[in-house]
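For reference, the structure discussed in these notes is given below.
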Amino acid sequence: MQGDLFQRTPVLLGDNAGAKREEIYSYFVSTFNRYEQLFEMLACEKAYFIKPISLRHPLIFYLGHTATFFINKLILAGLLQERINPEFEAIFAVGVDEMSWDDLDDAHYVWPTVAEVMAYRNRVREVVGQLIQTGPLTLPIDWDHPWWVILMGIEHERIHLETSSVLIRQHALEYVNPHPAWQPCRKSGPAPQNQLLAIPAGVVRLGKDKSAPLYGWDNEYGLHENAVPAFQASRYLVSNREFLDFVEAGGYAADSCWEAEGLAWKAYSRAGHPNFWIKGDEGDAWRLRLMAEIVAMPWDWPVELNCHEARAFCNWKKMLTGQAVRLATEDEWQRLHEYCGLTEIEPGIAAPANIHLDHYASPCPVSEFRHGEWYDVIGNVWQWTETPIYPYSGFETHPLYDDFTMPTFDGQHALFKGGSWISCGNEAQSCARYAFRRHFFQHAGFRYVVADVPAGMETSNYETDRLLSEYAEFHYGDEYFGVSNFPQALAEIAIRAMGDKRARNALDLGCATGRATFELARHFEQVTGIDFSARFIGLGAQMAEQGILRYTLVDEGKLISYRERRLADLGLEETRGKVGFFQGDACNLKPLFCGYDLILAANLIDRLYSPAKFLDSVHERLNMGGLLLIASPYTWLEEHTRIEEWTGGFKKNAGNFTTLDGLKERLGAHFRLMQAPLDVPFVIRETRRKFQHTVSEVTLWERIA
């Protein structure tokens, strides 16, 4: 590119607030200008209102969207008190993240004119610029700082600089014109022969602290550490020429190369070659669509495609060579980045890669920028990975943009790494984590790896079932109104009552999502959790297997918040290997569930269809001298238990017959009541402002016969 380098994302530390203010102002203005300059490539007014692709809004939306983002977020942050144009700040607020390739946006919008949107942008420029130049500023600027939202707006516009450039590239050629500030690379030659080079095993440590000196999006924070086995990675990104072999071998027609999701996309789209390839009129004269022109195919440039196509190529190459070819994982890409000795892009000098608009407004030959023994470890085009985006340990949403990453934690959005020629600011950092649906087109290609181990998949999904989420919070979440965690409190009572008794095996019957199961495993050698609900058991088993639960909670109406809970944070990591979870009926347990030194039955008996069956046989599950802890609020309901099956809570012989009376009657032949009953309260959160506050009666029984 000609002219000065596009400004890098600023360091947010320092002791000179005045200088930092000017740096941020310059960053804002240069980004705002560059974004508008991209739209100067549109050839006419009509180009703003015709959709480049059916899955996205027309470009007039994106011209307005980044400006309204500033105002909407600054209002939320309290840095602005008044809106500029409430109508614009509503219609330009939310874009489109299609659920599938055939999820067409058929909504009809009445868009303002280009002149009206530009006038709005000019007003936003004035308002935000004045805020930056005159608003109070203290350093450093971090996640909790009021000015964080200003950087958020600037980095958000830089993201859309890239995504809007892709839409322009997908626009009909009649709607775009070449522009002197957006000149593509003109170099091309024979493609180099790709080869695999070895990378030794190593440990990667990903995630940054909130004290990091540069702006970051929520998904970058937290911690992920992993030992990466040795693998091989292709020296070059896959070039157009290398991918041509797949096309000419009939790869698009060979269903065996495609995974199920990719096969469905291929059938729907009728794809027979990469999206930006254009078949010439004569013979095999392939051409390539750039942003504003069509050029003779540069065979030594990286191929650009979606994740399905990249995976199909890897599967084809696997069948061809017999090697375990696949896309890299995020961890493997990070290991390659570190092994090549790469550092972050420095200010003031051109990047040693085709990135940050430092060189071209297009890809360039895959052999131009060398990084150690590899090429294009960063830059040129993004590199699809096998990793669906997931949250690092300690992930939190930012309160002013809680839906930036959360909607992508669905297993359907694949990460890509490394950045492209237009990736700027935060996007150009090695910690950047952007993910798109696998059928999505960006300035993205791939390199392949050969590894002895399959690509591991991190858990990313958040439990959204309301009941399950409420119980996950009840067991593993916050304490409310000073009431202690109920499953933990019961486990502590049970462990104290055990004293010096043998503590080999315990049973948590009606364990729900399993917190007490893990708490008992602090003291017992092995603990079994059983619940009638397979869905509850699934969360407990997930916690045992992965050490983590993620779920959503209702705040009010359609508003939700997100939670992440880890056994390690509760001091229970060492118990994971000592628990087992099973589905079962407390009234009809399988014979193998016996020989326990303790049975905990929490809030269970008043939900059983036949409490008598349980109470009359529970002694058979306990060792002699073993303990039975029963906790219940005695909320008998006919929807759970027929009234004739109730253990108590009714009149008998003209007097009150309580559940405690019934327990003594049913258990007396085999147990002694060890102490007076205890009242143990618990709180279940329903919404941010609605809670159930209940008191459970706890009785402890020792088996004597």
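The values are calculated or read from the model by the stated rules, or taken from the named source; none is laboratory data. Remember, it's a predicted structure, so these values are computed and weren't measured experimentally. Note: ideal-geometry Cβ built from the backbone for every residue, glycine included; neighbour counts use all protein chains shown.
Worth a mention:
- With respect to (1) in the same structural domain as I355 (by TED's automatic domain parsing); (2) more than 24 Å from C424 (Cα to Cα), the lone exception for L206 is condition (2).
- Candidates F446, F481, F474 - the one that is out of contact with any Cys (no Cβ under 7 Å at 6 or more places or on another chain), under 29 Å from K208 (Cα atoms) and of a type in the set (A, V, I, L, M, F, W, C): F446
- Some residue of segment 67-85 being in a helix (DSSP H, G or I), touching a strand residue (DSSP E or B) at 6+ places or on another chain (Cβ under 8 Å), among the charged types (D, E, K, R) and at pLDDT 95 or above: yes
- Pair list, Cβ under 7 Å, 6 or more apart: segment 409-435 residue under 20 Å from A310 (Cβ atoms) and of a type in the set (F, W, Y), other residue surrounded by 24 or more Cβ atoms within 10 Å (Cβ to Cβ) and modelled with pLDDT under 95: none
- The set of residues in segment 365-415 being surrounded by fewer than 17 Cβ atoms within 10 Å (Cβ to Cβ) and under 21 Å from E162 (Cβ atoms) consists of D403, F404, P407.
- Selection count, segment 41-93, where residues are of a type outside the set (A, V, I, L, M, F, W, C) and surrounded by 17 or more Cβ atoms within 10 Å (Cβ to Cβ): 14
- Boolean, A212 is touching a strand residue (DSSP E or B) at 6+ places or on another chain (Cβ under 9 Å) and either small (G, A, S) or within 29 Å of C364 (Cα to Cα) (or both): yes
- Residue check for A568: surrounded by fewer than 15 Cβ atoms within 10 Å (Cβ to Cβ) and outside the structural domain of D402 (by TED's automatic domain parsing): yes
- Residues in segment 468-503 that are in contact with a Lys or Arg (Cβ under 8 Å, 6 or more places away or on another chain), of a type in the set (G, A, S) and more than 12 Å from R685 (Cα to Cα): A491 alone.
- Total residues in segment 466-520, condition closer than 24 Å to G538 by Cα and more than 31 Å from the chain's Cα centre (by Cα): 10
- So R563, is it in the same structural domain as A491 (by TED's automatic domain parsing), under 34 Å from the mean Cα position of the chain (by Cα) and more than 19 Å from L490 (Cα to Cα): yes
- Residue pairs whose Cβ atoms lie under 8 Å apart, separated by 6 or more positions or on different chains, with the first residue in segment 645-668 and without any contact (Cβ under 8 Å) to a residue 24 or more places away in the chain and crowded, with 17+ Cβ neighbours inside 10 Å and the second outside any loop (DSSP other than H, G, I, E, B) and of a type in the set (A, V, I, L, M), are G648/L660; G648/L663.
- Some residue of segment 523-543 being assigned by TED's automatic domain parsing to the domain that holds K501 and free of Cβ contacts under 8 Å to residues at least 12 places away in the same chain: yes
- There is no residue in segment 178-193 that is in a strand (DSSP E or B) and of a type in the set (F, W, Y).
- In segment 458-554, counting only helices (runs of 4 or more DSSP H) that sit wholly within it, the ones holding 2 or more residues that are in contact with a Gly (Cβ under 7 Å, 6 or more places away or on another chain) span 534-546.
- Segment 148-173 residues that are under 16 Å from F404 (Cβ atoms), paired with ones that are of a type in the set (A, V, I, L, M) and outside any helix (DSSP H, G or I) (beta carbon under 6 Å, 6 or more apart): V149/L400; E162/I422
- Residue within segment 687-701 that is small (G, A, S), crowded, with 18+ Cβ neighbours inside 10 Å and under 30 Å from L553 (Cβ atoms) present: yes
- Residues satisfying the criterion are present in segment 674-694 (criterion: in contact (Cβ under 8 Å) with a residue 60 or more places away in the chain, among the β-branched types (V, I, T) and either outside the structural domain of R607 (by TED's automatic domain parsing) or in contact with a Pro (Cβ under 8 Å, 6 or more places away or on another chain) (or both)).
- Any chance Y462 is surrounded by fewer than 24 Cβ atoms within 10 Å (Cβ to Cβ) and touching a Ser or Thr at 6+ places or on another chain (Cβ under 7 Å): yes
- In segment 211-236, the residues that are closer than 30 Å to A198 by Cβ form Cβ pairs under 7 Å with partners that are of a type in the set (D, E, K, R) and surrounded by fewer than 21 Cβ atoms within 10 Å (Cβ to Cβ), at six or more places apart or across chains, as follows: E220/K208; E225/R205; P229/D452; R235/E373.
- If you check S617, S610 for being surrounded by fewer than 19 Cβ atoms within 10 Å (Cβ to Cβ) and closer than 15 Å to L598 by Cα, only one passes: S617.
- Inter-residue pairs, beta-carbon under 9 Å, first surrounded by fewer than 23 Cβ atoms within 10 Å (Cβ to Cβ) and in segment 467-482, second part of a loop (DSSP other than H, G, I, E, B) and of a type outside the set (S, T, N, Q), 6+ apart: F474/A512
- Of all residues in segment 253-281 being free of Cβ contacts under 8 Å to residues at least 40 places away in the same chain and in a loop (DSSP other than H, G, I, E, B), the one that is surrounded by the most Cβ atoms within 10 Å (Cβ to Cβ): P274
Each row is one residue, and each column tells you yes or no for (1) polar (S, T, N, Q); (2) within 14 Å of D531 (Cβ to Cβ); (3) not in a strand (DSSP E or B).
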| residue | (1), (2), (3) |
| --- | --- |
| D585 | no, yes, yes |
| L589 | no, yes, yes |
| Y609 | no, no, yes |
| E620 | no, no, yes |
| G625 | no, no, no |
| L628 | no, no, no |
| W636 | no, no, yes |
| T647 | yes, no, yes |
